[in-house]
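First comes the structure, then the notes that go with it.
The values are calculated or read from the model by the stated rules, or taken from the named source; none is laboratory data. None of these values were measured; they are calculated from a predicted model. Virtual Cβ from ideal backbone geometry, glycine too; neighbours counted across all protein chains shown.
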Amino acid sequence: MADFKNIVGIKFKSESKVYTFLAGDLSLKREDQVIVETERGLALGTVVKDVSSIPAHRLPPEIKPVLRRATEEDIKRYEENCRLEKEAFAFCKERITARALPMKLVGIDCNLDRSKITFYFTAENRVDFRELVKDLVQRFRTRIELRQISARQESRIVKGIGICGREVCCAGIIPLCERVSIKMAKEQGLSLNPEKISGICGRLMCCLAFEYETYLEMKKGLPKCGKTVQTHAGCGKVVRHNVLKGELVVNLEDGREIVVKADEFKSP
């Protein structure tokens, strides 16, 4: 008999991403607040997906358990930490300016037990922030970590609206994509104008990577652009694909362009 485990979906703060944790024997429902162990330490999260059972072999690697339901004391500490994060953000930003450091503060994360405060920043190059760390340790009397992040990670924290009119992918349903190539845009028949295929972070849009494999699968068996095919109207060369509609645009020998269904052509 297969070994099954209970899992539950949890969100943190205002993040859109849902993280999976082991629910164990806890009877949890949506909107329950819980304490979990993360790679950054203890954190308070909110249940957003009901408990479900899956085979143990399908569990995500290194999945962590829900430790307990949040107590009133946990919630009070969380609210105090939120206020501390605002204070720490303002203080750190002031010290960055005072020390003329070439870096941009993006966000702050304080462990539930205040054992560590993490400051996220972006910078063009490496930054010597040793004196800044001393300022922060002296002020907050806890372990301080400064973590340099990418432009994509900054967009995930700051959020915003993409050119599609929706929330940026990295802050929503799509996992953060650090590797997106121009080849992905070519395969999807998109304009290679940087302004049209770049996100608010200035990098290629994450959705290019999200949809890339689907386009590759749908294009299997289709003739490449430039290949000659036989259609009901005569021979011609493929000039464009409309993968989502399953159509080819063919330039006939007499100069006309026609649209052909992907299953209506023949190789000459």
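Basic (Lys, Arg) and farther than 26 Å from CYS170 by Cβ - does that describe any residue in segment 45-57?
Just the residues of segment 45-57 that are basic (Lys, Arg), to begin with: 49.
Next, only the ones that are farther than 26 Å from CYS170 by Cβ stay: none.
There is no residue in segment 45-57 that is basic (Lys, Arg) and farther than 26 Å from CYS170 by Cβ.
Kindly indicate whether any position in segment 145-158 is touching a Phe, Trp or Tyr at 6+ places or on another chain (Cβ under 7 Å), of a type in the set (A, V, I, L, M) and not in a helix (DSSP H, G or I).
yes
So SER53 fits all but one of (1) in contact (Cβ under 8 Å) with a residue 40 or more places away in the chain; (2) crowded, with 18+ Cβ neighbours inside 10 Å; (3) touching a Phe, Trp or Tyr at 6+ places or on another chain (Cβ under 6 Å); what number is the exception?
All conditions pass for SER53, except number (2).
Residues checked against (1) of a type in the set (Val, Ile, Thr); (2) under 23 Å from THR20 (Cβ atoms); (3) within 14 Å of the chain's Cα centre (by Cα); (4) at pLDDT 85 or above:
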residue	(1), (2), (3), (4)
ILE163	yes, no, no, no
ILE173	yes, yes, yes, no
LEU176	no, yes, yes, no
ILE182	yes, no, no, yes
LEU192	no, no, no, yes
CYS201	no, no, yes, yes
LEU208	no, no, yes, yes
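Can you tell me which of LEU44, LEU101 is in contact with an Asp or Glu (Cβ under 9 Å, 6 or more places away or on another chain), modelled with pLDDT of 95 or more and farther than 19 Å from THR142 by Cβ? Break it down stepwise before answering.
Working: LEU44 fails: farther than 19 Å from THR142 by Cβ.
Going through LEU44, LEU101 in turn, just one is in contact with an Asp or Glu (Cβ under 9 Å, 6 or more places away or on another chain), modelled with pLDDT of 95 or more and farther than 19 Å from THR142 by Cβ: LEU101.
Could you check, for segment 92-111, whether at least one of its residues is farther than 30 Å from CYS201 by Cβ, surrounded by 17 or more Cβ atoms within 10 Å (Cβ to Cβ) and not assigned by TED's automatic domain parsing to the domain that holds LYS11?
Start the filter on segment 92-111 by keeping residues that are farther than 30 Å from CYS201 by Cβ, which leaves none.
So far as segment 92-111 goes, no, none of its residues is farther than 30 Å from CYS201 by Cβ, surrounded by 17 or more Cβ atoms within 10 Å (Cβ to Cβ) and not assigned by TED's automatic domain parsing to the domain that holds LYS11.
Would you point out the residue of segment 92-120, among those that are among the hydroxyl-bearing types (Ser, Thr, Tyr) and in contact (Cβ under 8 Å) with a residue 60 or more places away in the chain, that is farthest from ILE144 (Cα to Cα)? Steps first, answer last, please.
Quick first cut of segment 92-120, residues among the hydroxyl-bearing types (Ser, Thr, Tyr) only: 97, 115, 118, 120.
Among the residues that remain, those that are also in contact (Cβ under 8 Å) with a residue 60 or more places away in the chain are: 115, 118.
On the way: SER115: 9, THR118: 6 Å.
Ranking the candidates gives SER115 first.
Anything in segment 74-117 that is hydroxyl-bearing (Ser, Thr, Tyr) and farther than 13 Å from LEU42 by Cβ? List them, or say none.
Filtering segment 74-117 for residues hydroxyl-bearing (Ser, Thr, Tyr) gives 78, 97, 115.
Matches in segment 74-117: THR97 only.
Can you tell me which residue in segment 185-239 is surrounded by the most Cβ atoms within 10 Å (Cβ to Cβ), limited to those that are out of contact with any Lys or Arg (no Cβ under 8 Å at 6 or more places or on another chain), charged (D, E, K, R) and assigned to a loop (DSSP other than H, G, I, E, B)?
LYS219
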